[in-house]
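Input: a single structure, listed below in structure tokens.
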Amino acid sequence: MKLGQYHNSLITIEFTDKKEPVSGFLLDYSEDWILLQNNPSDFIVDGYVIVANKNIEGVYRDENEIFIEQVIRLKGVLPSINKKIPLENTKAMFEFLNNEYGLFSFSKKSNSAIYPGKLIAIDESQITLQWIDLKGKWGENRVFKLDKIRQVEFDNDYLISLKLASENLYN
């Protein structure tokens, strides 16, 4: 898979073991992770998604992606990210996201649930998050196996809203 040819282009990634593909502008990649500026639907760009580089069936860019990219660019949106994310090291990646954004979420294979929170601890096999609920209230710590994480999202409208609620409504 030659991802370099798609740099700053809108692509779609399909997986062998889950139904929902992921679309976005390819910003960076490593052996383990792929960073996209997220295109969750239609002509919307909302935050970023880092996709685990496993169980990928295919990466493509057809007429639909080209058209959507053209419309997004007509709106003045250019693919970018402010700082380089250390995708080569999973622990460093999560520490960077926590320090830079204060809140991120991830999902596992099923995509049936997201797990938003802030980093409490991380080692080679697991991550501990302080959970944030749907109203922006901080809750208990939860532990997850790193190898089960398939997508990490950050700096999107939903997470920014939760962070604002937590910082301003409960003090």
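The values are calculated or read from the model by the stated rules, or taken from the named source; none is laboratory data. Computed from a predicted model, the values in this text were never measured in an experiment. When we count neighbours, we look across all protein chains shown, and the Cβ atoms used for this are built from the backbone with ideal geometry, even at glycine.
Per this entry, Phe106 is counted among residues that are in a strand (DSSP E or B) and under 15 Å from the mean Cα position of the chain (by Cα).
Whether a residue is of a type in the set (A, V, I, L, M, F, W, C), exposed (fewer than 14 other Cβ atoms within 10 Å of the Cβ) and either under 19 Å from the mean Cα position of the chain (by Cα) or not assigned by TED's automatic domain parsing to the domain that holds Ala52 (or both) was assessed, and Val143 passes this test.
Residue check: is Ile11 assigned to a strand (DSSP E or B), hydrophobic (A, V, I, L, M, F, W, C) and within 16 Å of Lys148 (Cα to Cα)?
Details: assigned to a strand (DSSP E or B): yes; hydrophobic (A, V, I, L, M, F, W, C): yes; within 16 Å of Lys148 (Cα to Cα): no.
No: the conditions fail for Ile11.
With respect to Lys148, determine if the residue is within 19 Å of Tyr170 (Cβ to Cβ) and either surrounded by fewer than 18 Cβ atoms within 10 Å (Cβ to Cβ) or not assigned by TED's automatic domain parsing to the domain that holds Val49 (or both). No; evaluated as a whole, the condition is false for this residue. Listed by first and then second residue, the pairs with beta-carbon distance under 6 Å, at least 6 apart or on different chains, first residue in segment 116-138 and under 19 Å from Phe94 (Cα atoms), second assigned to a strand (DSSP E or B) and among the aromatic types (Phe, Trp, Tyr), are Gly117/Trp131; Ile127/Phe144; Gln130/Trp138; Ile132/Trp138.
Could you tell me how many of the residues in segment 44-86 are of a type in the set (Ser, Thr, Tyr) and assigned to a loop (DSSP other than H, G, I, E, B)?
At the first step, the residues of segment 44-86 found to be of a type in the set (Ser, Thr, Tyr) are 48, 60, 80.
Add one more test, that the residue is assigned to a loop (DSSP other than H, G, I, E, B), and what stays is 80.
So the count comes out to 1.
Within the option set Ile132, Ile120, Ile160, Ile114, being out of contact with any Ser or Thr (no Cβ under 7 Å at 6 or more places or on another chain), outside the structural domain of Glu20 (by TED's automatic domain parsing) and not aromatic (Phe, Trp, Tyr) holds for one residue only, Ile160.
Inside segment 1-43, can you point out the residues that are out of contact with any strand residue (DSSP E or B) (no Cβ under 7 Å at 6 or more places or on another chain), touching a residue at least 12 places away in the same chain (Cβ under 8 Å), within 16 Å of Ile72 (Cα to Cα) and not charged (D, E, K, R)? Correct list: Pro40, Phe43.
Tell me, yes or no, whether segment 75-98 has at least one residue that is touching a residue at least 40 places away in the same chain (Cβ under 8 Å), among the charged types (D, E, K, R) and surrounded by fewer than 14 Cβ atoms within 10 Å (Cβ to Cβ). Yes: one or more hits.
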